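J.: Next up is a structure, given as structure tokens.
Bear in mind that the values in this text are calculations on the coordinates, not laboratory data. Please read these numbers as outputs of a predicted model, since none were measured by experiment. Cβ placement follows ideal geometry from the backbone for every residue including glycine, while neighbour counts extend to all protein chains displayed.
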Amino acid sequence: MSWVRIGLALVLILLAGLVPLGAQETRPAPWFDGAAALRHVERLVAIGPRPAGSPGAARARAYIVDELRRVGVSARVESFDAATPHGRLPMANVVAALPGRRQDVILIAGHYDTKWFREFAFVGANDGGSSTALLIELARRLRERPHEYTYWVAWFDGEEARETWTSTDSLYGSRHMAGELGKSRRLPSAVIVADMIGDRDLGIRREAASTPWMTDVIWASAARLGYATHFMPDSLAVEDDHAPFMRLGVPAALLIDFDFPPWHTAEDTLDKVSARSLEIVGRVLLDALPGIEDGLTRSRGGRP
Ligand SMILES: [Zn+2]
């Protein structure tokens, strides 16, 4: 082979590499530290039960605020009293603000409380722990990369019902925040909620009440990153912390793996959660955010 031919071959190899890149998505796949997120789950589980109004919940809150401070993210604690079947309980949401180039807000949220059980100590590794951990790492990543929208990351208290799930006994933290923001006309442009996303055997279905185009953007990112087996095409309806915002007209999406046999049992322990599942959901969300921003901008007719 002559030098000319070798040169030609090299050019062809380079072109072969460039053509698919030019034709398809060129964004690099985002990085997310699943191992760090799992360490947060470990430490949350070590606190023990964290039901709203308990010393465990206060410790979880302090943990979130401390971990954020360590990576340069400041968060505010928004305290409120909630009327529950167990009387008035002090609760508090934690909210971190990550300013973007514009003031419009995308809220990414989950709950940090665990369900209260009389009969056993419920540590909620997946239900409560996983979303709490995911959001700490997500806030860290959002602080590091530039974004157009302002992001609020919120850890809701009191998602769980004290007794049986009803419209008044559930979603205390998200109802409080949506209510306050609605009153002051400062509702976010969109809401994304994650819940029970640490399941080792990760399988997330489209949530039926969620805003379809937002779910489409997230599922497209999952497919692009090779996670289509974990983000399944069928749907199911789950009421969660996105609901109070949706009722006020805010587009929203819920990511939940509700196919979790240890749900609300003493078996929701650390061994049911994996760093890989946390990493998958973290990467998919980070990948989807620019598309969500685009969708929001387009739905307002391009208004800057
Ligand atoms: Zn739960």
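J.: Suppose only helical runs count, i.e. DSSP H with n ≥ 4. What mean residue ellipticity at 222 nm does that imply for the chain under -39500 (n - 2.57) per run, divided by all residues and rounded to the nearest 500 deg cm²/dmol?
T.: Result for the chain, helices only: -13000 deg cm²/dmol.
J.: Let me ask something else about it. Need one word for segment 170-274: rounded, prolate or oblate. Basis is the Cα gyration tensor (sqrt eigenvalues a ≥ b ≥ c); a/c below 1.5 gives rounded, then a/b vs b/c decides.
T.: It is oblate, given that a/c is not under 1.5 and a/b is not larger than b/c.
J.: Once you have the Cα-Cα distance between Val77 and Trp31, take 0.36 nm times their residue separation minus that, and quote the gain in nm to one decimal.
T.: 13.7 nm
J.: How large is the convex hull of the Cα atoms of segment 54-161 per residue, expressed in Å³ as a whole number?
T.: So the per-residue hull volume is 98 Å³.
J.: Still on this structure, please answer the following. How much net charge surrounds Gly72 when only the other residues with a Cβ under 10 Å from the Cβ of Gly72 are counted, with Lys and Arg +1 and Asp and Glu -1?
T.: With Lys, Arg at +1 and Asp, Glu at -1, the net is +3.
J.: When you have a sec, figure out the Kirkwood radius of the chain from all distinct Cα pair distances and drop it here in Å to one decimal?
T.: 20.0 Å
J.: Shifting gears a bit: Mind jotting down the three principal axis lengths of segment 135-226 based on Cα atoms? Whole angstrom, largest first.
T.: That works out to 40, 33, 26 Å along the principal axes.
J.: Follow-up question, since we're still on this one. Lys and Arg at +1, Asp and Glu at -1: add these up for the other residues within a Cβ distance under 9 Å of Gly203 and post the number.
T.: Here the charged neighbours net out to -3.
J.: Right, here's the next one. What residues have an amide H closer than 5 Å to that of Leu98, excluding those fewer than 5 places away on the same chain, when H is modeled at 1.01 Å from N in the peptide plane?
T.: Here Tyr151, Trp152, Val153 satisfy the definition.
J.: Here's a follow-up. Would you mind checking the tilt of helix 34-47 against the longest principal axis of the Cα atoms of the chain, expressed as 0 to 90 degrees and rounded to 10?
T.: Compared with the principal axis, the helix lies near 10 degrees.
J.: Taking each pair of distinct Cα atoms in segment 227-281 once, what is the resulting Kirkwood hydrodynamic radius in Å?
T.: 13.6 Å
J.: Pick out, from Pro262, Pro244, Gly87, the residue whose Cα sits farthest towards the positive end of the charge dipole of the chain, with +1 on the Cβ of Lys and Arg and -1 on the Cβ of Asp and Glu.
T.: After comparing all options, I get Pro244.
J.: What size of dipole, in debye to the nearest 20, comes out for segment 65-176 about its Cα centre when the only charges are +1 on Lys and Arg C-beta atoms and -1 on Asp and Glu C-beta atoms?
T.: Around 460 debye, computed over segment 65-176.
J.: So if each residue of separation counts as 0.36 nm, and I subtract the Cα-Cα distance between Asp294 and Arg276, what length gain in nm does that give?
T.: That pair, Asp294 and Arg276, stretches by 3.7 nm at full extension.
J.: Hey, what angle do you get for helix 55-70 against the long axis of the chain, alpha-carbon based, 0 to 90 degrees rounded to 10?
T.: It is inclined by approximately 30 degrees.
J.: While we're looking at this one, here's another question. Of the beta bridges DSSP finds with both residues in segment 190-304, what % are antiparallel, to the nearest 5?
T.: 10 percent
J.: I would also like to ask the following. When ranked by the protection proxy of mean other Cβ atoms within 10 Å per residue, highest first, what sequence do the peptides 288-294, 273-279 form?
T.: 273-279, 288-294
J.: Further, regarding this structure: At 0.36 nm per residue, minus the direct Cα-Cα distance, what do Ser184 and Arg70 gain on full extension? Give it in nm, one decimal, please.
T.: Result: 37.9 nm gained on full extension.
J.: Describe numerically, in nm with one decimal, the distance between label points set 7 Å from Cα along Cα→Cβ at Ala58 and at Trp165.
T.: Those two pseudo-labels are separated by 3.0 nm.
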